[in-house]
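Just so it is clear, none of the values below were taken in a lab; they were calculated from the coordinates. Remember, predicted model here, so these are calculated numbers, not experimental data. Reconstructed Cβ throughout: ideal geometry from the backbone, glycine too, with neighbour counts over all protein chains shown.
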Amino acid sequence: MLVLHHAPRTRSVRVRWLLLELGVPHELRRVDFVPPKEGFFSQATPLGKIPVVEEDGAVFCESGAILEYILERHGEGRLAPAVGSPARGPFLQWMHWAEGTLSQPLSVLLWHRIYKGDAEALPSVIDEATTRAHRSLDFLAEGLGDGPWILGRDFSAADIMLGFTLAAAQVLGALGEGHPTLVAYLGRMQERPAFQQAAAD
């Protein structure tokens, strides 16, 4: 059985959410999150990170990679366009964009506002990260269009990847009334029962 090492309000919410959407049996092993300022790779998991998944002797981390693995092994064609279909490229773009682009400036805000607590001493760093975040959100809003989901009418794992990052953007003050379509998009995701259970775990 697949084992998920999970801590609330971390990227492991993505993995738990996908597993619940797909109805994949799994064992949830809860761990207490250790703030990175207290030591990197210091989580109480086999790889020192969160999330970590174990299955059939494989042990690996990185939420995006885990989602792709689950889709390939357990998805049965659900929540992802077929390989070779016209929607496959956009799907992969948004799967990776959530971490590769949007998360980058948010990580700066998180580090200095929450973990280090020195944001007031670094106004130019915070301003630059905020500007990058807003421009990234503009790009996402354009890509979403009328939605309701990032690929149009079909909810997919790309929405799960983006949903966690948008929730983080909202908590950090980067996502607000300046992006009403994204706030509504996040709201639709937060209404899904699988999201609500994953966020509550």
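Applying 1/(1 + (r/R0)^6) with R0 = 35 Å to the Cβ-Cβ distance of Q196 and K116 gives a FRET efficiency near 0.65. Apply the Debye scattering formula to segment 2-80, with a single equal point scatterer on each alpha-carbon and no solvent, then give log10 I(q)/I(0) at q = 0.15, 0.20, 0.21 Å⁻¹. Log10 I(q)/I(0), no solvent term: -0.48, -0.81, -0.89. Over all other residues within a Cβ to Cβ distance under 11 Å of R78, the charged ones net out to -3, with Lys and Arg as +1 and Asp and Glu as -1.
Relative contact order of segment 2-80: 32 percent, from C-alpha pairs under 8 Å at least 6 residues apart in sequence.
Calculated mean residue ellipticity, 222 nm, the chain: -15000 deg cm²/dmol, from DSSP H runs (n ≥ 4) at -39500 (n - 2.57) each, averaged per residue and rounded to 500. Tally Lys/Arg at +1 and Asp/Glu at -1 over every other residue whose Cβ is under 12 Å from the Cβ of R16; what's the total? Spelling it out: positives minus negatives among the neighbours equals +2. Whats the longest run of the chain with zero GluC sites (Glu not before Pro) that are DSSP loop and have at most 10 other Cβ atoms within 10 Å? Result for the longest clean stretch: 77-176. Of A58, T101, G84, which is farthest towards the positive pole of segment 1-111's charge dipole, taken about the Cα centre with +1 and -1 on the beta-carbons of Lys, Arg and Asp, Glu respectively? With unit charges placed on the Cβ atoms, the residue in question is T101.
Straightening the chain between V125 and E55 buys 21.1 nm, computed as 0.36 nm per residue apart minus the Cα-Cα spacing.
Each of Q104 and R153 was given a label point 7 Å from its Cα along the Cα-to-Cβ line. The distance between the two points is 3.6 nm. With the convex hull constructed from alpha-carbon coordinates only, the chain shows a mean projected area of 11.3 nm² over all directions. Dividing the mean sequence gap of close Cα pairs (under 8 Å, 6+ apart) by how many residues the chain holds gives a relative contact order of 22 percent. For segment 88-116 versus segment 118-140, the inter-centroid distance based on Cα atoms is 12 Å.
Extension gain for V34-Q93 works out to 18.2 nm (0.36 nm per residue, less the C-alpha to C-alpha distance).
The residue among H6, Q170, S136 whose Cα reaches farthest toward the positive pole of the charge dipole of the chain, with charges on the beta-carbon of Lys, Arg, Asp and Glu, is H6. Each peptide in 153-159, 179-185, 163-169 gets a packing score, the mean of other Cβ atoms within 10 Å over its residues, and the list from highest to lowest is 163-169, 153-159, 179-185.
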